């Protein structure tokens, strides 16, 4: 079951195409990575899902129904360009946004207090936004995004401005939200975070989808049967048979070989008595490598 | 609609809670009252409690000395001889008027006035009149006019105007009051449109530069955000206006009592004016009050309120559109001009040409065209009678349509503009935005 289905969505601007018949599904209850280089069309797509702009072609389904204004209250949005009223107090600001999202004031107060406690921020209530540090402001912005208990949450670069401790806090919160049933769309350039928390991803490049699936699927799709073997021993690399060595690195008495099998994988070589193996694995490209490979312009 | 209410509330309360708002709202009536109080105090003080001026008159010609009548607050002291040295040493003498020996009624010469302080215009003319009266009376006597006849000539003629209506009834009319009231109301509207229109623009720019707008328009329609802001700031203006009127009224009443312009004085004035035998310049003051009350005040206030709000809504929407099209306040110049020019034009022409001919063709057109009508209509209003009502209705209709038009146009520009960053926008670009689908 999908929470969001993007169906052949296109968006044209005067001088360029932002999205060109983009289609993909965001499964329910997952953390979904929306990836792509700058200008790939991510922000355009996010704005369309948020109904800030409308698509020129195609449609978007929310829980199987065409997306309408009624769905706005079920969506939480953390824009990449953060913004809060600088002269308003934390509390007034949170109440204001909660009311705009349709919460009544008493329910809003309860939820806001819970979130402020969770982020150890209850003492900031009466402070103006401009008096807070950047990290604190980011936490308030995160609360604004999730306090109305949305079933679909869009987070655009949620980790910027956070130190490692708070990055972890936010990661944990994102996973909590997913575990409580929310679906999360995460747009980020930090591929290590994608590997750490995303279940599914879609990779956009130049207005088109270039890869989609689970993180493992996408990574696997780019693997080229390369294996890595690290060992100690007298055996020279050239003495192996049936493999095609791509790289041979000597370090601290360890030898690491990157190779492909000439035929099918033959683990006989692992039984060679002349070597002590410390690591043997199939090389699967990291998301970073997937990203670089698929968005490299020379690759088209 | 609910969202517009929430946004209006935020715009309103975040502004009226500001210290600068509270300060300005409370201080302005104090300043107005203080200003008003000082004027009254000075004028009342001058007539009631000014010290008598003691003026020595050395009349070597003998023309004046027996017939000179001193005006109020001035005492003429006849002396045979008096020198400037005496004047300098004498504390109680303020001035010395010397009349040359060869002065005759038929050959008037200049009289010498010597004093250590300069003469006020008011006193100068009063002293001159006292001397002139003597000469004139003497001439009249020579011509055979008796004293009683001369006294009866002492009359001031006041031109009291009446406006005649079609049904034949008359109503007194006073150009000074009409002009003053019209200009005051026009200036208030002009001031309000500028002050609060710019606030709308600044508010939009703040949201845009803060990038908060992306978050808000993911929840509400840009149009709702714009309207909430325009309405919220309008309420701030109305609040301020109401507090100003109420506070100024209370303070003025208090000041009136303190400086002694109480009802007793007014009664006295009324008695004086009811007695046609006595000519009194103060008749003007009472006439002033009654002429003011004779104006159709309810109509004027109603039309004022409409154009106060209407003018602001019309211009406020345009200010919002400008704010959305630029990245910072410094970029607003080129778009401000077409909005500020008609406003400045309307006040400049209204305060010169329209005041001179309030029911002329130019005045009529300017009070119908929405860019100038809020200001021009106010200047015209006290001069308009029932026969001009159709112009007021027409102007109100045009204004209403223009407000909707301006809001529709501004909404379209706003919708595209608020999400457009880092782009120098031209008029051509703005025109294109009007036709964007979404």
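For region A:221-279, which strands (runs of 3 or more DSSP E) that fit wholly inside it have 3 or more residues that are touching a residue at least 40 places away in the same chain (Cβ under 8 Å)?
A:226-233
Which of the residues spanning region B:3-20 are without any contact (Cβ under 8 Å) to a residue 40 or more places away in the chain and more than 8 Å from every other protein chain (Cβ to nearest Cβ)? Walk me through it before giving the result.
Of the residues in region B:3-20, the ones without any contact (Cβ under 8 Å) to a residue 40 or more places away in the chain are B:13-14, B:17-20.
Across region B:3-20, the qualifying residues are B:13, B:17, B:18, B:19, B:20.
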**Message:** Yes or no: region A:5-17 includes at least one residue that is within 26 Å of residue A:292 (Cβ to Cβ), buried (at least 19 other Cβ atoms within 10 Å of the Cβ) and more than 14 Å from every other protein chain (Cβ to nearest Cβ).
**Reply:** yes
**Asked** List, please: which pairs have Cβ atoms under 6 Å, are six or more places apart or on different chains, and start with a residue in region A:75-89 that is facing chain B (nearest Cβ under 7 Å) and end with one that is in a loop (DSSP other than H, G, I, E, B)?
**Response** A:77/A:50; A:77/B:218; A:81/B:211; A:83/B:210; A:83/B:211
**Asked** Of all residues in region B:342-355 being in contact with a helix residue (DSSP H, G or I) (Cβ under 9 Å, 6 or more places away or on another chain) and without any contact (Cβ under 8 Å) to a residue 24 or more places away in the chain, which is surrounded by the most Cβ atoms within 10 Å (Cβ to Cβ)?
**Response** B:353
**Request:** Kindly indicate whether residue A:210 is touching a residue at least 60 places away in the same chain (Cβ under 8 Å), in contact with a helix residue (DSSP H, G or I) (Cβ under 8 Å, 6 or more places away or on another chain) and surrounded by 15 or more Cβ atoms within 10 Å (Cβ to Cβ).
**Result:** yes
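State yes or no: is residue B:236 part of a helix (DSSP H, G or I), over 22 Å from residue A:148 (Cβ atoms) and either without any contact (Cβ under 8 Å) to a residue 24 or more places away in the chain or away from chain A (no Cβ under 14 Å) (or both)? Full working, then the answer.
Values: part of a helix (DSSP H, G or I): yes; over 22 Å from residue A:148 (Cβ atoms): yes; either without any contact (Cβ under 8 Å) to a residue 24 or more places away in the chain or away from chain A (no Cβ under 14 Å) (or both): yes.
Yes, satisfied.
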**Request:** Considering each residue of region B:82-110, count those that are farther than 26 Å from residue B:135 by Cα, out of contact with any strand residue (DSSP E or B) (no Cβ under 9 Å at 6 or more places or on another chain) and part of a loop (DSSP other than H, G, I, E, B), and give that number.
**Result:** 1
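Condition check ((1) farther than 23 Å from residue B:308 by Cβ; (2) within 14 Å of chain A (Cβ to nearest Cβ); (3) in contact with a strand residue (DSSP E or B) (Cβ under 7 Å, 6 or more places away or on another chain); (4) buried (at least 16 other Cβ atoms within 10 Å of the Cβ)) across all residues:
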| site | (1), (2), (3), (4) |
| --- | --- |
| B:377 | no, no, no, yes |
| B:383 | no, no, no, yes |
| B:386 | no, no, no, no |
| B:393 | no, no, no, no |
| B:404 | no, no, no, no |
| B:407 | no, no, no, yes |
| B:410 | no, no, no, yes |
| B:426 | yes, yes, no, no |
| B:434 | yes, no, no, no |
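Among the residues of region A:136-166, how many are touching a residue at least 12 places away in the same chain (Cβ under 8 Å) and farther than 17 Å from residue A:91 by Cα? Even if it seems obvious, please write down each step before you answer.
Initially, region A:136-166 is screened for residues touching a residue at least 12 places away in the same chain (Cβ under 8 Å), giving A:136-163, A:166.
From what's left, farther than 17 Å from residue A:91 by Cα: A:149-163, A:166.
Of the residues in that region, 16 qualify.
Each row is one residue, and each column tells you yes or no for (1) within 27 Å of residue A:81 (Cβ to Cβ); (2) touching a helix residue (DSSP H, G or I) at 6+ places or on another chain (Cβ under 9 Å).
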| residue | (1), (2) |
| --- | --- |
| B:401 | no, no |
| B:408 | no, yes |
| B:416 | yes, yes |
| B:419 | yes, yes |
| B:424 | yes, yes |
| B:434 | yes, yes |
**Message:** Against the condition touching a helix residue (DSSP H, G or I) at 6+ places or on another chain (Cβ under 9 Å) and either surrounded by 15 or more Cβ atoms within 10 Å (Cβ to Cβ) or over 23 Å from residue A:142 (Cα atoms) (or both), how does residue A:113 come out, does it pass?
**Reply:** no
**Prompt:** (1) under 15 Å from residue B:311 (Cα atoms); (2) part of a loop (DSSP other than H, G, I, E, B): which one isn't true of residue B:340, the others all being true?
**Reply:** (2)
**Fill in**
Counting only residues that are without any contact (Cβ under 8 Å) to a residue 40 or more places away in the chain and in a loop (DSSP other than H, G, I, E, B), region B:206-220 contains a total of 3
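Out of the residues in region A:90-107 meeting the condition of being within 20 Å of residue B:212 (Cα to Cα) and free of Cβ contacts under 8 Å to residues at least 40 places away in the same chain, tell me which one is surrounded by the most Cβ atoms within 10 Å (Cβ to Cβ). Reasoning before the result, please.
Here is the first cut: in region A:90-107, the ones within 20 Å of residue B:212 (Cα to Cα) are A:90-103.
Remaining after also requiring free of Cβ contacts under 8 Å to residues at least 40 places away in the same chain: A:91-92, A:95-96, A:99-100.
Values: A:91: 18, A:92: 19, A:95: 20, A:96: 22, A:99: 20, A:100: 25.
Result: A:100.
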**Message:** Restricting to region A:61-89, give me the number of residues that are within 28 Å of the chain's Cα centre (by Cα) and surrounded by 15 or more Cβ atoms within 10 Å (Cβ to Cβ).
**Reply:** 18
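Picking from A:98, A:54, which residue would you name as being within 14 Å of chain B (Cβ to nearest Cβ), at pLDDT below 90 and over 18 Å from residue A:158 (Cα atoms)?
A:54
So, residue B:197, is that one within 14 Å of chain A (Cβ to nearest Cβ), touching a residue at least 40 places away in the same chain (Cβ under 8 Å) and surrounded by 23 or more Cβ atoms within 10 Å (Cβ to Cβ) or not?
Values: within 14 Å of chain A (Cβ to nearest Cβ): no; touching a residue at least 40 places away in the same chain (Cβ under 8 Å): yes; surrounded by 23 or more Cβ atoms within 10 Å (Cβ to Cβ): yes.
No; evaluated as a whole, the condition is false for this residue.
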**Prompt:** Regarding residue B:240, is this residue more than 24 Å from residue B:371 (Cβ to Cβ), modelled with pLDDT of 85 or more, surrounded by 15 or more Cβ atoms within 10 Å (Cβ to Cβ) and in the same structural domain as residue B:296 (by TED's automatic domain parsing)?
**Reply:** yes
**Item:** Criterion violated by residue B:71 - all others in (1) at pLDDT 85 or above; (2) outside the structural domain of residue B:255 (by TED's automatic domain parsing); (3) in contact with a helix residue (DSSP H, G or I) (Cβ under 6 Å, 6 or more places away or on another chain) satisfied
**Value:** (1)
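On the basis of being within 30 Å of residue A:208 (Cβ to Cβ) and assigned by TED's automatic domain parsing to the domain that holds residue A:178, does residue A:116 make the cut? Before the answer, list the steps.
Working: within 30 Å of residue A:208 (Cβ to Cβ): no; assigned by TED's automatic domain parsing to the domain that holds residue A:178: yes.
No; evaluated as a whole, the condition is false for this residue.
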**Prompt:** Take the residues of region A:58-69 that are more than 12 Å from every other protein chain (Cβ to nearest Cβ) and at negative phi: which is modelled with the lowest pLDDT?
**Reply:** A:68
**Item:** Residues located in region A:185-214, provided they are more than 15 Å from residue A:45 (Cβ to Cβ) and part of a strand (DSSP E or B)
**Value:** A:200, A:211, A:213, A:214
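The values are calculated or read from the model by the stated rules, or taken from the named source; none is laboratory data. The model shown is predicted, which means the values in this text are computed figures rather than measured ones. Counting neighbours? That spans all protein chains shown, and the Cβs are built from the backbone with ideal geometry, glycine included.
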